[in-house]
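**Q** Dumping the structure here so I can ask a few things about it.
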Amino acid sequence: MDFVNLNIRHINLDSAVKKLIKSLLCDDAETLPEKRDLWEIIEDMSMDDFMLLKRNVYFADFLRLFGVEFSPSAVACSESKDNTESVGHVDNSGNDKNQSAIGSECSSDLGLIKIPSLLTRLDDLILPNRFSKLVKRLRNISSSHASFCLGETLGDLVSLSASDIACLPGVGSSYVEVFKELKILANTGDVIDVELGNFSPSDSEINLGEVDTSNMRLCLGGVDQKFTKALEKYARYIGAEDLAENLGDILSFNQNELLALPGFGAKVVDSLIEFRDVVRKEIESILAGNINYQNFESSLISPKVFSEASIEKIEKILLEDVDNFFDRIEDDEVDIAQKRWGFVEDKQTLEQIASNFDVTRERIRQKESKINNSFIRHLRINPKIMWQLIEPELSSSFSAKFKDVFSCFTMEKDFYDFLGLICGQTNLFEYVYPELDRTILNTLFAENGAPIHLDDIREYISQLDLSEIRSIDNAIQFLEKRGVLLIDGENVWPRQLGKSEASACVLFNHEGGLPWLDVARLVNANGYSRTDIYEDRLDNEAFKLPDHIYLAGKGVYKHTRFIDVESISLDDLFIEVMEYAESDRRDVFHLMECYQASAGLQAYDYFIIRHFVKNFGEDYGFYFDGRSQSDSVGLKKGFKNITQKDVIIEAMNRSERPLTKTAIANLLKSKSSNHAAFYLDALIEEGKVVQVDRMLYTTPSCAYKDIVVDDYVVEIGRILHQFQIPIEPSIIKEELNNRFLKCYSKYFYASIARLYARDQGWFRKHSLYSIKEIPFRSLKAAIENVCNLELSVNDNIELLQKHVAITKESAAIALANWRNSPGL
């Protein structure tokens, strides 16, 4: 490269290299071999230490000894020679007036930095503000963390290593860099002459038409404080809280237009124009590829939205922002912030802080509000985006992921309160640790047995729509930690059910029913109940759950799910009972006599009839007495039949939202969810009610008011003809949500298919639909017929999909429930 000429100042080279090496090895010089070259020293440095070289004054002095001239170029770099001659070096004499900037920082502490004796007490140190703030921060940590001892002198301080400082709570990278700078100066004993460089903005104009600033946000924490008052004045004028989101306005500042604004004098306008040029220069660097603002490399401009950021990256940015904010505010404001947040120091009340400052509580409250608002405006990641990043990770394990920030707090609640501040949220401690009724899932297990798939648990809780639950997964974790649930992979078992709910949970999987002793043993062995069921005698409390348990024989109990409610009409059943009562002419009669006299009743098992009369009789004017082994039925005098179905229909039509089974049960005199279930089944069979989600019911007119239902019926028919095999509604959901650009649940589409199946000539078996006869009585029966426990889940899904059209997700859940069924 003949066109490059080097001008090396040999006279200062030896001194500069020695000082550079001493600054690099100040922490571990004792461990080095006697001989090594400069590259070996650089090679052993960590990446972080290597990146900090640009802030090392001795590295800068070393490089300045090498002047570079590009001779044959038309644009000869005469500036390079001038700069080579103008820069100075650092030595120990203190007489050399050449100037050297410390790092890349434009220091406001003009003049000389003279490092005192290492024996100087920390109380007596007089150093630039950045060093004083470092000492104060370390003192606060030393007073509240017994494991860290700062010492009393400057020598004690600089004897610490950078790693000792970096691992302390509340100490971010900016403090570590300041410490390294102090350590270098103290160990070399230099006097540094620091002069504020003159800012010379580029004369080149930015073509604003080519600059996309839509994703750029001004970082107020990176704005030089000399611009603050002018920017605040302009923000007030345009009615903005700050100018963080007004980068376009700043770039388009025009001096004449600003001077024309009322109250804007020359000094304010000059400041705004100067700041505009600072921003333009920063954007020039971004456009040139020197700064990646989307990776938060710019202290002045940050992205509004970014594709991804690790929790570690977010934490690092946050700690740097806290450090930067504390550097910019007064010491008393730092004290108030730390004590109100519980950051590094113990949290204090407004009264305690007011007493320390000898002011009123209200004055401290005002200061705290101002500090917090200012802090939020100084964050590089705005609260809305911060919440979007943190919320998916927010659980009881989050403190371990955010461990450096968490270590700054003594109390976990203070940590979550601080997260709430930076995310614009409240009560995040309750978000992570929700207080809720521990019996919230008891009915679900009584109705569906165990285990239940985790996704079904999530769906159930979401449809309860409880205000105290803001995070479903945190609610599940709360129940697990308190021993209410046992979670193994994707399956969930109960641990603290009531006796009767635990019995129903066991009976769910036994179609033939079980003797009471077998039920008791299974409940106790599985640990489903809070308290064990008696095994030495019949525990009546364990079987008092008429919604889910009925007596099916002498000492034998069954789950009500095995009653074929679709084949039973309650109205017809009680007409049979009424006809017998009228013919018998008695106010009280034996149910068995009635049963034996009625061919209609004998079409069903006696204990099913007994169950209906016992639990539904009052709605039809009968009362049941089953004491002393004798089932007696009496007529209620003066009973006026009120149609419960009409009550349900009327309530659904009045409601703006579909109703849950629990809400429907509350409409009935009996308040029984089992009664509600039977009425719902009857109304669905009559086409007067449809199920639009897993637990939600309404009338067809309400459910389909926003769609042209005939179009959906046509599309469902097309899908049935397309597949030619039984279809599970998840397929209909997938097809029609794409077809109509909707997001309805599979239950919604199943409700349409069920309502119109008879008119369209479709076949139905439980949740399966087809244009041909369905060879399975249910989806579970299909799985039992075609799947094999020895095969993998994926292999079984492929087998099942040859016989039933179903999505992989729904098939996986159905297979998981089948695999975990008792007896398999």
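The values are calculated or read from the model by the stated rules, or taken from the named source; none is laboratory data. Quick caveat, the model's predicted, so the values are computed rather than measured. A quick note on method: Cβ atoms are made from the backbone with ideal geometry, for glycine too, and the neighbour counts reach across all protein chains shown.
**Q** Return the residues of the stretch 498-532 that are free of Cβ contacts under 8 Å to residues at least 40 places away in the same chain, surrounded by fewer than 23 Cβ atoms within 10 Å (Cβ to Cβ) and in a helix (DSSP H, G or I); say none if nothing qualifies.
**A** Leu517, Asp518, Arg521, Leu522, Asn524, Ala525
**Q** Let me ask something additional. Inside the stretch 584-634, can you point out the residues that are assigned to a strand (DSSP E or B) and surrounded by 14 or more Cβ atoms within 10 Å (Cβ to Cβ)?
**A** Those that are assigned to a strand (DSSP E or B) and surrounded by 14 or more Cβ atoms within 10 Å (Cβ to Cβ): Phe589, His590, Phe622, Tyr623, Phe624, Ser632, Val633, Gly634.
**Q** Can you find a residue that is in a helix (DSSP H, G or I) and crowded, with 20+ Cβ neighbours inside 10 Å anywhere in the stretch 232-239?
**A** Yes, the stretch 232-239 has at least one match.
**Q** What is the one condition in (1) modelled with pLDDT under 90; (2) among the aliphatic types (A, V, I, L, M); (3) surrounded by fewer than 20 Cβ atoms within 10 Å (Cβ to Cβ) that Ile385 does not satisfy?
**A** The failed condition is (3).
**Q** So in the stretch 533-543, with the set limited to residues that are assigned to a loop (DSSP other than H, G, I, E, B) and crowded, with 16+ Cβ neighbours inside 10 Å, which one is nearest to the chain's Cα centre (by Cα)?
**A** Ile533
**Q** May I pose another question? For the stretch 544-583: of the residues being part of a helix (DSSP H, G or I) and within 41 Å of the chain's Cα centre (by Cα), which is surrounded by the most Cβ atoms within 10 Å (Cβ to Cβ)?
**A** Thr560
**Q** Could you check how many residues of the stretch 391-401 are in contact (Cβ under 8 Å) with a residue 60 or more places away in the chain and in contact with a Phe, Trp or Tyr (Cβ under 8 Å, 6 or more places away or on another chain)?
**A** Final tally of qualifying residues: 2.
**Q** Taking the stretch 766-798 as the region of interest, how many residues are crowded, with 19+ Cβ neighbours inside 10 Å, out of contact with any strand residue (DSSP E or B) (no Cβ under 9 Å at 6 or more places or on another chain) and over 25 Å from Asp488 (Cα atoms)?
**A** Within the stretch 766-798, residues that are crowded, with 19+ Cβ neighbours inside 10 Å, out of contact with any strand residue (DSSP E or B) (no Cβ under 9 Å at 6 or more places or on another chain) and over 25 Å from Asp488 (Cα atoms) number 1.
**Q** Now for a different question. Taking Glu257 as the residue in question, decide whether it is assigned to a helix (DSSP H, G or I) and more than 30 Å from Ala354 (Cα to Cα).
**A** yes
**Q** Kindly indicate the residue of the stretch 95-122 that is at pLDDT 75 or above and either within 24 Å of Phe325 (Cα to Cα) or among the aliphatic types (A, V, I, L, M) (or both) and also surrounded by the fewest Cβ atoms within 10 Å (Cβ to Cβ) among those meeting that condition.
**A** Only one residue tops the list, namely Leu119.
**Q** Scan (1) under 23 Å from Phe398 (Cα atoms); (2) in contact with a helix residue (DSSP H, G or I) (Cβ under 6 Å, 6 or more places away or on another chain); (3) touching a residue at least 40 places away in the same chain (Cβ under 8 Å) for the single condition Ile301 breaks and write down its number.
**A** Of the numbered conditions (1) under 23 Å from Phe398 (Cα atoms); (2) in contact with a helix residue (DSSP H, G or I) (Cβ under 6 Å, 6 or more places away or on another chain); (3) touching a residue at least 40 places away in the same chain (Cβ under 8 Å), the odd one out for Ile301 is (1).
**Q** I'd like the full set of residues that are under 19 Å from Val556 (Cα atoms) and among the basic types (Lys, Arg), limited to the stretch 578-634.
**A** Selection gives Arg610, Lys614, Arg627.
**Q** How do the helices (runs of 4 or more DSSP H) wholly within the stretch 680-750 filter down when requiring 3 or more residues that are closer than 21 Å to Trp762 by Cα: which remain?
**A** Result: 709-723, 729-740.
**Q** For the list (1) part of a helix (DSSP H, G or I); (2) closer than 30 Å to Pro546 by Cα, I need the number of the one condition that Leu667 fails.
**A** Only one criterion is unmet by Leu667, namely (1).
**Q** Would you confirm whether any residue within the stretch 292-306 is surrounded by 12 or more Cβ atoms within 10 Å (Cβ to Cβ), under 34 Å from the mean Cα position of the chain (by Cα) and of a type in the set (Lys, Arg)?
**A** For the stretch 292-306, residues surrounded by 12 or more Cβ atoms within 10 Å (Cβ to Cβ), under 34 Å from the mean Cα position of the chain (by Cα) and of a type in the set (Lys, Arg): present.
**Q** Output yes when any residue across the stretch 458-481 is assigned by TED's automatic domain parsing to the domain that holds Ala552, under 21 Å from Glu541 (Cβ atoms) and of a type outside the set (S, T, N, Q), and no when none is.
**A** no
Condition check ((1) charged (D, E, K, R); (2) within 22 Å of Phe398 (Cα to Cα); (3) in a helix (DSSP H, G or I)) across all residues:
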site	(1), (2), (3)
Ile422	no, yes, yes
Glu430	yes, yes, yes
Glu447	yes, no, yes
Arg458	yes, yes, yes
Ser462	no, no, yes
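**Q** Restricting to the stretch 802-824, count the residues that are in a helix (DSSP H, G or I) and either farther than 12 Å from Glu728 by Cβ or over 35 Å from the mean Cα position of the chain (by Cα) (or both).
**A** Total satisfying the criteria: 8.
**Q** Name every residue in the stretch 374-407 that is charged (D, E, K, R) and in contact with a Cys (Cβ under 6 Å, 6 or more places away or on another chain), in order of residue number.
**A** Arg380
**Q** Determine which member of the set Ala520, Ala504 is touching a Leu at 6+ places or on another chain (Cβ under 6 Å) and either not assigned by TED's automatic domain parsing to the domain that holds Tyr557 or not acidic (Asp, Glu) (or both).
**A** One residue alone meets the criteria, Ala504.
**Q** Checking Arg585 against (1) in the same structural domain as Ala603 (by TED's automatic domain parsing); (2) at negative phi, only one condition comes out false. Which one?
**A** (2)
**Q** Follow-up. So in the stretch 333-359, with the set limited to residues that are touching a residue at least 24 places away in the same chain (Cβ under 8 Å) and of a type in the set (Lys, Arg), which one is surrounded by the fewest Cβ atoms within 10 Å (Cβ to Cβ)?
**A** Only one residue tops the list, namely Lys347.
**Q** Could you list all residues from the stretch 800-810 that are free of Cβ contacts under 8 Å to residues at least 40 places away in the same chain and surrounded by 15 or more Cβ atoms within 10 Å (Cβ to Cβ)?
**A** Selection gives Leu800, Gln801.
**Q** Would a scan of the stretch 408-418 turn up a residue that is of a type in the set (Ser, Thr, Tyr), touching a residue at least 60 places away in the same chain (Cβ under 8 Å) and closer than 30 Å to His559 by Cα?
**A** The answer is no, given that none of the residues of the stretch 408-418 is of a type in the set (Ser, Thr, Tyr), touching a residue at least 60 places away in the same chain (Cβ under 8 Å) and closer than 30 Å to His559 by Cα.
**Q** Consider Ser163 carefully, then state whether it is within 24 Å of Asn372 (Cβ to Cβ), at pLDDT below 85 and not assigned by TED's automatic domain parsing to the domain that holds Lys384.
**A** Answer is no for this residue.
**Q** What's the number of the condition Pro729 fails, among (1) surrounded by fewer than 20 Cβ atoms within 10 Å (Cβ to Cβ); (2) under 18 Å from Ala811 (Cβ atoms); (3) not hydroxyl-bearing (Ser, Thr, Tyr)?
**A** With (1) surrounded by fewer than 20 Cβ atoms within 10 Å (Cβ to Cβ); (2) under 18 Å from Ala811 (Cβ atoms); (3) not hydroxyl-bearing (Ser, Thr, Tyr) applied to Pro729, the lone miss is (1).
**Q** Then there is this: Can you tell me which of (1) surrounded by 20 or more Cβ atoms within 10 Å (Cβ to Cβ); (2) in a helix (DSSP H, G or I) is the one Lys370 doesn't meet?
**A** For Lys370, the exception is condition (1).
**Q** Hey, can you tell me all the residues within the stretch 636-669 that are modelled with pLDDT under 85 and crowded, with 16+ Cβ neighbours inside 10 Å?
**A** Within the stretch 636-669, Gln644, Lys645, Leu667, Leu668 qualify.
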